[in-house]
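**Q** I'd like to ask you about the structure that follows.
The values are calculated or read from the model by the stated rules, or taken from the named source; none is laboratory data. Computed from a predicted model, the values in this text were never measured in an experiment. Positions of Cβ are generated from backbone atoms using ideal geometry, with glycine treated the same way; all protein chains shown enter the neighbour counts. Please note that ligands, DNA and RNA were not included when accessible areas were found on the heavy atoms of the full protein model with its side chains. Shrake-Rupley method; radii C 1.70, N 1.55, O 1.52, S 1.80 Å.
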Amino acid sequence: IGSQVFTRCSSLKEIVVEETNPSYCSDSRGVLYNKDMTRLIQAPGAISDSYSVPDGVTVIGDHSFYECKQLEQVAFPDSLQTIESFAFYGCDNLVHVDFGNGVEGAPGSMTFAYCKKLTELNLPDSFKTIGPLMYTGCDGLVDIEIPDSVETIGTEAFAYCMNLKTVKLGRGVAEIKASAFQYSG
């Protein structure tokens, strides 16, 4: 299954995979995974409320929750290592993200871009990279604290966060790329 197969299917309530399928599986909420459940491939566009990614998942795939407009909260297990590009782009009602303690970063671009109601930046101490445009357009962000573990803040990572008032950089930040906070606050 390629990238973006079910992207922008806003009425899709679940993706059901036959148990005997050798390559894929789905959980009780209709979220699509590879067979060994280490990679989350796609959430149905109509997923709502909160969702907890199961333990053992190491990758949230690109575009996996793209424009899931009814999703309000998401929690990641400590097993999660990477969140790919556009994973949560345009999740208009996403308010809270619990990163767990294993994820090292979101090196892809626009991971949480235009999540307008996201109000807190709760990055774990394991986070090393804030990718390009990761939080661009997140108008709910007012005060952010970058943990000491973060080494790189990508290009336009926090651009167009119109209500941003305070940024506290951790001691590990060694590189802030071009326009990282452009047009914010």
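**Q** May I ask for the net charge around Ser26, where only other residues with Cβ less than 14 Å from the Cβ of Ser26 are counted and Lys, Arg are +1 while Asp, Glu are -1? Display every interim value, and only then the final one.
**A** On the way: positive: Lys13, Arg29, Lys35, Arg39; negative: Glu14, Glu18, Glu19, Asp27, Asp36.
Neighbour charge sum, excluding Ser26 itself: -1.
**Q** Residue-wise, which Karplus ³J(HN,Hα) couplings in Hz belong to the range 27-43, taking 6.51 cos²θ - 1.76 cosθ + 1.60, θ = phi - 60°, and x for glycine or proline?
**A** Result, ordered by residue: 9, 5, 9, x, 8, 8, 10, 5, 4, 8, 6, 9, 10, 7, 9, 7, 9 Hz.
**Q** Pull up all non-local amide H partners of Asp98: gap of 5 or more, or a different chain, and H-to-H distance under 5 Å with H placed in the peptide plane.
**A** Val74, Ala75, Phe76
**Q** Let me ask something else. Sort 162-168, 15-21 by the packing proxy (mean of other Cβ within 10 Å over each peptide's residues), most packed first. List each step's numbers first, then the result.
**A** Values: 162-168: 13.6, 15-21: 11.0.
Ranking the peptides 162-168, 15-21 by packing returns 162-168, 15-21.
**Q** How large is ³J(HN,Hα), in whole Hz, for each residue of the range 175-180 in order, when computed from phi with the Karplus curve 6.51 cos²θ - 1.76 cosθ + 1.60 and θ = phi - 60°, using x for Gly and Pro?
**A** So the J values, rounded to whole Hz, are 8, 10, 7, 3, 6, 3.
**Q** Hey, another quick one. Expressed as a whole percentage, what fraction of the accessible surface of the chain belongs to carbon and sulfur atoms when a 1.4 Å probe is rolled over the protein heavy atoms? If you can, show how the numbers build up before the last one.
**A** Details: 3920 of 8520 Å².
Carbon with sulfur: 46 percent of the solvent-accessible area.
**Q** Same structure, new question: Counting only heavy atoms of the protein chains, get the accessible area per residue of the range 62-130 (1.4 Å probe) and round it to a whole Å² value.
**A** Numbers: 2560 Å² over 69 residues.
Counting only protein heavy atoms, the per-residue value for the range 62-130 is 37 Å².
**Q** Near the amide H of Asn93, under 5 Å away, which other amide H atoms are found, from residues 5 or more places off or on another chain, if H is placed in the peptide plane?
**A** Placed amide hydrogens put Leu71 under 5 Å from Asn93.
**Q** Over 25 Å between Cα atoms, which of Lys35/Lys116; Lys128/Lys168; Lys69/Lys128; Lys35/Lys69; Lys69/Lys177; Lys116/Lys165 qualify? Mind dumping the intermediate values first?
**A** Numbers: Lys35/Lys116 33 Å; Lys128/Lys168 16 Å; Lys69/Lys128 28 Å; Lys35/Lys69 27 Å; Lys69/Lys177 30 Å; Lys116/Lys165 16 Å.
Those over the limit are Lys35/Lys116; Lys69/Lys128; Lys35/Lys69; Lys69/Lys177.
**Q** While we're here: Per residue, what accessible area does the range 6-57 have, given a 1.4 Å probe and all protein chains present, in Å²?
**A** On the way: 2860 Å² over 52 residues.
That works out to 55 Å² per residue.
**Q** Residue-wise, which Karplus ³J(HN,Hα) couplings in Hz belong to the range 58-72, taking 6.51 cos²θ - 1.76 cosθ + 1.60, θ = phi - 60°, and x for glycine or proline?
**A** 10, 9, 9, x, 4, 6, 5, 10, 3, 6, 7, 5, 9, 6, 10
**Q** Given N residues in the chain, what is its alpha carbon radius of gyration divided by 2.2 N^0.38 Å?
**A** Working: Rg = 15.9 Å, N = 185, 2.2 N^0.38 = 16.0 Å.
With N residues counted in the chain, Rg over 2.2 N^0.38 Å equals 1.00.
**Q** Take peptides 56-62, 27-33, 111-117 and line them up by average Cβ neighbours within 10 Å, highest first, as a rough protection proxy.
**A** Details: 56-62: 19.3, 27-33: 17.7, 111-117: 22.3.
Peptide ranking by packing, descending: 111-117, 56-62, 27-33.
**Q** A further question on this structure: Counting Lys +1, Arg +1, Asp -1, Glu -1, what net charge surrounds Ile41 among other residues with beta carbon under 13 Å of its beta carbon? Don't skip to the answer; put the middle values down first.
**A** Numbers: positive: Lys35, Arg39; negative: Asp27, Asp36, Asp62, Glu84.
After counting each charged neighbour, the total is -2.
**Q** Taking the Cβ of Phe86 as the centre, find all other residues whose Cβ is under 11 Å away and add up their charges (Lys, Arg: +1; Asp, Glu: -1).
**A** -3
**Q** Where does the range 1-111 land on Rg/Rh, using Cα atoms and the Kirkwood Rh?
**A** Details: Rg = 12.7 Å, Rh = 13.6 Å.
Here Rg/Rh amounts to 0.93.
**Q** Kindly work out what percent of the DSSP beta bridges joining two residues of the range 19-97 are antiparallel, to the nearest 5. Kindly include the intermediate steps, with their values, before the conclusion.
**A** On the way: 5 of 15 bridges.
DSSP beta bridges in the range 19-97 are roughly 35 percent antiparallel.
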